[in-house]
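Every number here is computed from the coordinates shown, using simple stated rules; none is lab data. For clarity, every value in this text was computed on a predicted model and none was experimentally measured. Reconstructed Cβ throughout: ideal geometry from the backbone, glycine too, with neighbour counts over all protein chains shown.
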Amino acid sequence: MLHAGDTITLKSFTDGDFAAKRIQGMRPLEGSDEYAQISADGGKVVAFSFRTGKQVRTLFDVKDTKGETIKSFDDYEITADGKHMLIQTNYKRIYRRSFTADFYIYNIEDKSLRKLSEGGSEQIPTFSPDGKKIAFVRKNNIFITDGKEEKQITTDGKFNEIINGLPDWVNEEEFSFNNALAWGADSKTLSWIKYDENKVKSYSLQMFKGSHPSLDDNAEYPGLYSYKYPKAGQENSKVSAWCYNLTTGQTARYALPLDSDGYIPRIRPTNDASRIAIYTMNRHQNDLKIYAASPLTGVCKLLVEDTNAKYVKEEAMEGIIVGKKYILLPSDRDGIMSLYLHDFNGKMIKKLPSKREITDVYGYDEKTGEAFVQTVGATPMDRAVAIISPKGERYITGLEGWNTAQFSGDHRYFLNSWSDANNPYVYTVKDNTGRTIRDVLNNDSLVNKLKDYDLRPKSFFKFTTSEGVELNGWMIKPSNFDPKKKYPVVMFQYSGPGNQQVVNSWGIGSMGNGGMFDYYFAQHGYIVVCVDGRGTGGRGADFEKCTYLKIGDLESKDQVEAALWLGRQSYVDSTRIGIWGWSFGGFNTLMSMSEGRPVFKAGVAVAPPTNWKYYDTIYTERYMRTPNENPDGYAINPINRVGALHGKLLICHGVADDNVHPQNTFEYAEALVQADKDFKENLYTNRNHSIYGGNTRNHLLRQVSEWFFENL
């Protein structure tokens, strides 16, 4: 039964009618209290004052250039000295973080614009520290140009064989970066990571004509996109670090201590011309090392090492700061993510005092010794912004709701984004004492719009499982909720390591956007629930890493326990509980429906891994080690549990999913057939892991919702 207010439709949701306004694209200018941003009309890059919000100057105007002219641009980058820019056009996505584009060099003072290179689209153009040269990658080889003369530095690059300066698929996806270049501080050397993919096995995705976009080359016969994808326990790329000396023209390999199957998850510039920072990690990913590598001699000196009995969190790597005098290292070695300060030679000085787990690092001021961070707030569901120094911690936002920060280049001001589960984003500029300087943006218009839809606020709850574990959850009830009635329940979850879905943020909900898709269920008379089980984030290393080597076991038990707890509530119909999820959430949907206790009447798994031996090395082995080392852990999977599956099942998968291969669904479907289990399967032509394009997302979400309407 629909409520009395206006009605949410799937089309209105997927068309973005309920999208909150956000501030995006702010680029703090180094060492100043200014930031750059693309103008509202998309034609300019403008510098603004953090403090006043007023325009200071125009940095680039697409209609006012000398030399080359372009009609529009996609993005930009500014040199540290603020004299030059890279202007990006013709963006073409490759994988999650990689893309090609056509780039132009722009001189801010004389407004001259010239093409970076005439040789074709480029990747990761990277300014030298003096702003006079740019290194970039084209077709897996590295080039250096000063805008006039171009020199090719490597010649062995070849698709599916050798990559210079760019991570391969698995390193890009699972170590979260797309640039493997590092200039020396004196602009006289360029260092990079090389990936030898020759022994990595290929995976082929079948591509059809399809539409949105239409691939006309495949109109009669499908094509194949084959790329190197190392599955758990299989051969990875062989990685090495190299350096080119611009003065001598010589290329040399760094003498980097590295296991034959080890990783180089980062290469970073420093402010010292005699050293580049190179990170290494063993294949088990429980030993992270940071080396000072000499571009002149190739010698590598160990500076900092972080070891863990289980694994070093990948997310913490981006928070490492290698400064002029200090190295700041986030680590959860003592139970919660904290900051450890080292001198430039690697000697640990101290652990910075913080009572709450650090969830992001925004910067470090070496003069004051202050680290600017995000931490867990009043509860594991909240986030706050703090300044931590050897003297202690100081919170500069409230502890409730979800706070993020973007600091000015001089750390005097920051843009604070705040929201909670029932209030969309509010942006203010604060100084570093936490005092509000000015209001920037709110979503009052969305708040007023939502009043017409008669939506009940989301509520948080907690309960204790039969194993004595306290879990957090959120709940959405129908607007006309009657506590004397019994309602069907749709449970959503993700459940992956370190992830949180039970958060006090407007980003809450199965599809974000304040949970509007979940309210779509609620207006049809369903209660929607999400519970974060064991293995999720915000509650320390022990809670997060207790699923190590047995992914899916405890996570599925906790979803079943949540359903059992819900079934004991007076307002829940225990015979009509469903569950769904995407990616890891799809995996845990299948695991939960076949856990052995038949609590779910229906479920939907979108793009699910179904056996971890089909997924990539870096992610899978971080939590599971290899199949040979951990056969019992890998045996815990939906395919092996297929005989215990209970409930009506719908599986949805993109046929061109380069991340969770459709192989997962195909093999699981075959297991279902042989186990004589009924199911429905929806396949999406040419769609990747995100399953979007044209009407695709609207169609997908209709399948999800109608499945529960029909079966609950």
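Miscellaneous remarks
- Whole-Hz couplings from phi, Karplus 6.51/-1.76/1.60, listed for the stretch 499-512; x for Gly and Pro: 6, 10, 10, 8, 10, 8, 8, 5, x, 5, x, 4, 10, x
- Restriction of the chymotrypsin sites (Phe, Trp or Tyr not before Pro) in the stretch 543-606 to DSSP coil positions whose beta-carbon has at most 15 other beta-carbons within 10 angstrom yields Y571.
- 12 Å beta-carbon shell around Y395, net charge (K/R +1, D/E -1): +2
- Average projection area in nm² (convex hull over Cα atoms of the stretch 334-376, one quarter of hull surface): 3.3
- Percentage relative contact order, the chain, counting C-alpha pairs under 8 Å, at least six apart: 9
- Among beta bridges that DSSP assigns inside the stretch 447-711, antiparallel share in %, nearest 5: 30
- The stretch 653-708 - Debye-derived log10 I(q)/I(0), Cα point model, q = 0.13, 0.28 Å⁻¹: -0.36, -1.10
- Amide H contacts for Y684 (H built 1.01 Å from N in the peptide plane; partners 5 or more residues away or on another chain; cut-off under 5 Å): H653, G654, V655.
- Centre-to-centre, using Cα atoms only, the stretch 135-202 and the stretch 586-648 are separated by 36 Å.
- Globularity index of the chain, i.e. its alpha-carbon radius of gyration over 2.2 N^0.38 Å: 0.98
- Bins of 5 Å from zero: percent of alpha-carbon pairs in the stretch 14-111: 2, 11, 20, 22, 19, 14, 8, 3, 1
- Taking 27 Å as the limit for the C-alpha separation, the pairs K21/K477; K486/K550; K194/K325 exceed it in the case of K486/K550; K194/K325.
- Overall form of the stretch 556-712 per C-alpha gyration tensor (a/c, 1.5; a/b vs b/c): oblate
- Across K289/K391; K313/K451; K451/K485; K351/K430; K83/K188, pairs whose alpha-carbon gap is larger than 30 Å: K313/K451
- Histogram of C-alpha separations across the stretch 132-258, 5 Å bin width, %: 2, 10, 16, 18, 15, 13, 10, 7, 4, 3, 0, 0
- The 3J(HN,Hα) values that the Karplus relation (6.51, -1.76, 1.60; θ = phi - 60°) gives for the stretch 181-187 are, in residue order, 10, 8, 6, x, 4, 8, 6 Hz. Gly and Pro appear as x.
- Size check on the stretch 205-322: the Cα extents along the three principal axes, sorted descending, read 57, 44, 26 Å.
- Charge context of A644, other residues only, Cβ under 14 angstrom, K/R +1, D/E -1: +1
- Proximal lysines relative to K199, as straight alpha-carbon distance under 25 Å, when same-chain residues fewer than 8 apart are discounted: K139, K158, K228, K231, K238, K613
- Cleavage-rule hits (trypsin sites (Lys or Arg not before Pro)) in the stretch 162-201: DSSP loop, at most 15 neighbouring Cβ within 10 angstrom: K199, K201
- Prolate/oblate/rounded label for the stretch 424-523 (Cα gyration tensor, a/c 1.5): oblate
- Here the chain is treated with +1 on each Lys and Arg Cβ and -1 on each Asp and Glu Cβ, and its dipole about the Cα centre works out to around 820 debye.
- Where trypsin sites (Lys or Arg not before Pro) fall in DSSP loop in the stretch 549-580, at most 12 other Cβ within 10 Å: R568
- Shape summary: the stretch 447-711 maps onto an equivalent ellipsoid whose semi-axes, from the alpha-carbon gyration tensor, are 28, 22, 18 Å in decreasing order.
- According to the calculation over all Cα-Cα pairs in the stretch 302-353, the P(r) per 5 Å bin from zero is 5, 21, 33, 26, 13, 2, 0 %.
- Measuring nothing but how far apart in sequence close Cα pairs (under 8 Å, 6+ apart) lie, relative to its length, the stretch 447-711 scores a relative contact order of 15 percent.
- Shown for the stretch 308-423 is the translational diffusion coefficient from the Stokes-Einstein equation, using the Kirkwood radius over Cα pairs, a temperature of 10 °C and a viscosity of 1.306 mPa s: 109 µm²/s.
- Computed over neighbours whose Cβ is under 11 Å from that of N695, the net charge equals +2, Lys and Arg +1, Asp and Glu -1.
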